[in-house]
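The values are calculated or read from the model by the stated rules, or taken from the named source; none is laboratory data. Model, not experiment: these values are computed from the prediction. Methodologically, a virtual Cβ is constructed for each residue, glycine included, from the backbone with ideal geometry; neighbour enumeration extends over all protein chains shown. These accessible areas exclude ligands, DNA and RNA; they are computed on the full protein's heavy atoms, side chains included. Shrake-Rupley method; radii C 1.70, N 1.55, O 1.52, S 1.80 Å.
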Amino acid sequence: MPVPAPNLYPPFNTVRLSHVEFGVTDLARSRAFYVDTLGLQVTDEDAQTIWLRAMEERGHHCIVLKQCERAEARDLGFKVFDEDHLDRAAAFFSGKGLPVEWVERPFQGRTFRTRDPQGIPLEFYCRMDRLPPIHQQYRLYKGVKPLRIDHFNCFSPNVDEAVAFWNEIGFRVTEYTEDAESGRLWAAWTHRKGGVHDIAFTNGTGPRLHHTAFWVPTPLNIIDLLDLMSTTGWLANIERGPGRHGISNAFFLYIRDPDGHRIEIYCSDYQTVDPDLEPIRWDLKDPQRQTLWGAPAPRSWFEEGSVFAGAALSESDLKATPIVAP
């Protein structure tokens with residue numbers, strides 16, 4: 001199935017991805033990971049919830065940690081342009097027969113929850129409490145010095161169908177992996193904000209959240225984090241990298257939080273603002289698509305992910321596989 005032509009006039013204007021809410025089983029342990037080790041900033045907390053932001057962000061939060069009985073990804077958040085576009089978004093999802101529930105969210109204005117056709121839980125809003133800038137308060141920079149949330153990647157049982165839906169709401173494909181035998185998409189990277197992706201889809205049992213990524217200043221910050229994690233009790237949480245992706249050209253590291261939620265630390269991708277930019281195709285068997293230097297990803301990277309709250313899982317019928325490390 002060919003990559004769809006970009007929809008430059010979608011039914012509503014999504015500005016960017018915004019935030020993720022994780023269900024975690026030990027809030028104190030998660031705080032030690034995200035705050036003390038990665039360096040995210042606490043903007044509010046109570047006995048059940050911690051709200052965090054990264055150093056360049058003015059919005060109140062980019063990640064919410066919620067004490068739960070089981071580990072799960074509860075919502076992926078997206079910001080739309082204004083209140084009119086928020087109402088347009090709600091009407092669009094409702095018109096597709098998808099659930100629309102207006103909910104109260106701390107530190108956010110009007111917000112509705114929905115799901116995409118494959119079951120990914122989503123929330124859309126246009127107003128979030130603004131906080132004073134802290135990007136020049138260098139005493140606060142700790143850990144990997146996270147600057148902003150960058151993207152989500154989700155396992156999808158049918159990447160072609162996922163891309164078709166998200167393309168309809170204006171997410172443009174920047175790069176994709178195609179199975180040469182079937183002509184189907186194995187993975188695709190789509191964006192709104194002008195980087196390589198806001199949300200990507202990878203073939204596999206889903207929907208599940210593969211990872212959430214945070215942008216950091218330089219590859220040296222990633223090296224510093226590796227030194228820190230390997231000497232403060234987090235060695236086993238280092239999963240893959242460091243390395244440079246072929247797709248996106250980004251320098252990366254994949255780590256796992258105490259509940260197994262996968263976090264990518266990410267920098268150095270490229271600008272994709274032009275609306276007529278042609279997507280880059282990669283063959284599934286090209287070893288440089290995973291890592292420019294040729295090293296294959298571990299099996300866990302292709303098989304493990306965070307379950308979405310309330311989402312039924314489906315297996316992919318596309319059995320093609322890339323090169324996998326033993």
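Out of the residues in segment 61-89 that are open to solvent by less than 10 Å² (accessible area, probe 1.4 Å) and part of a helix (DSSP H, G or I), which is nearest to residue 131 (Cα to Cα)?
Applying the filter and picking the extreme gives 86.
Which of the residues belonging to segment 235-269 are buried (at least 20 other Cβ atoms within 10 Å of the Cβ), in contact with a helix residue (DSSP H, G or I) (Cβ under 6 Å, 6 or more places away or on another chain) and in contact (Cβ under 8 Å) with a residue 40 or more places away in the chain?
Hits for segment 235-269 are 240, 257, 265.
Hey, residue 6 hits all of (1) surrounded by 15 or more Cβ atoms within 10 Å (Cβ to Cβ); (2) free of Cβ contacts under 8 Å to residues at least 60 places away in the same chain but one; which does it fall short on?
Exception for residue 6: condition (2).
I'm trying to understand the selection: among the residues of segment 9-30, which are β-branched (Val, Ile, Thr) and either open to solvent by 10 Å² or more (accessible area, probe 1.4 Å) or more than 16 Å from residue 163 (Cα to Cα) (or both)?
15, 20, 24, 25
Quick check on residue 89: is it small (Gly, Ala, Ser), touching a Gly at 6+ places or on another chain (Cβ under 8 Å) and modelled with pLDDT of 95 or more?
Criteria not met by residue 89.
Tell me, please, whether a residue that is more than 19 Å from the chain's Cα centre (by Cα) and open to solvent by 70 Å² or more (accessible area, probe 1.4 Å) can be found in segment 287-294.
So far as segment 287-294 goes, yes, one or more of its residues are more than 19 Å from the chain's Cα centre (by Cα) and open to solvent by 70 Å² or more (accessible area, probe 1.4 Å).
To keep it simple, each residue is scored yes or no on (1) surrounded by fewer than 24 Cβ atoms within 10 Å (Cβ to Cβ); (2) modelled with pLDDT of 95 or more; (3) over 22 Å from residue 280 (Cα atoms).
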position	(1), (2), (3)
127	yes, yes, yes
165	yes, yes, no
178	yes, no, no
188	no, yes, no
192	yes, yes, no
200	no, yes, no
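Restricting attention to segment 125-145, report how many residues are out of contact with any Asp or Glu (no Cβ under 9 Å at 6 or more places or on another chain) and part of a loop (DSSP other than H, G, I, E, B).
Of the residues in that region, 5 qualify.
Being in a strand (DSSP E or B) and of a type in the set (A, V, I, L, M, F, W, C) is the filter here; which residues of segment 90-103 pass it?
Within segment 90-103, 102, 103 qualify.
If you check 153, 167, which single one turns out to be in contact (Cβ under 8 Å) with a residue 60 or more places away in the chain, of a type in the set (S, T, N, Q) and part of a helix (DSSP H, G or I)?
167
On the basis of being at pLDDT 95 or above, within 17 Å of the chain's Cα centre (by Cα) and open to solvent by 60 Å² or more (accessible area, probe 1.4 Å), does residue 172 make the cut?
It is false that residue 172 is at pLDDT 95 or above, within 17 Å of the chain's Cα centre (by Cα) and open to solvent by 60 Å² or more (accessible area, probe 1.4 Å).
Being without any contact (Cβ under 8 Å) to a residue 24 or more places away in the chain and either over 21 Å from residue 171 (Cα atoms) or surrounded by 23 or more Cβ atoms within 10 Å (Cβ to Cβ) (or both) is the requirement here; does residue 209 meet it?
On the way: without any contact (Cβ under 8 Å) to a residue 24 or more places away in the chain: no; either over 21 Å from residue 171 (Cα atoms) or surrounded by 23 or more Cβ atoms within 10 Å (Cβ to Cβ) (or both): yes.
Considered against the rule, which asks whether it is without any contact (Cβ under 8 Å) to a residue 24 or more places away in the chain and either over 21 Å from residue 171 (Cα atoms) or surrounded by 23 or more Cβ atoms within 10 Å (Cβ to Cβ) (or both), residue 209 comes out as no.
Name the residues in segment 31-50 that are in a strand (DSSP E or B) and buried (at least 22 other Cβ atoms within 10 Å of the Cβ), would you? Can you show your working first?
In the first step, residues of segment 31-50 are kept if they are in a strand (DSSP E or B); the result is 41-45, 49-50.
50 - this is the single residue of segment 31-50 that is in a strand (DSSP E or B) and buried (at least 22 other Cβ atoms within 10 Å of the Cβ).
Does segment 240-261 include one or more residues that are farther than 20 Å from residue 215 by Cα, part of a strand (DSSP E or B) and aliphatic (A, V, I, L, M)?
Within segment 240-261, none of the residues are farther than 20 Å from residue 215 by Cα, part of a strand (DSSP E or B) and aliphatic (A, V, I, L, M).
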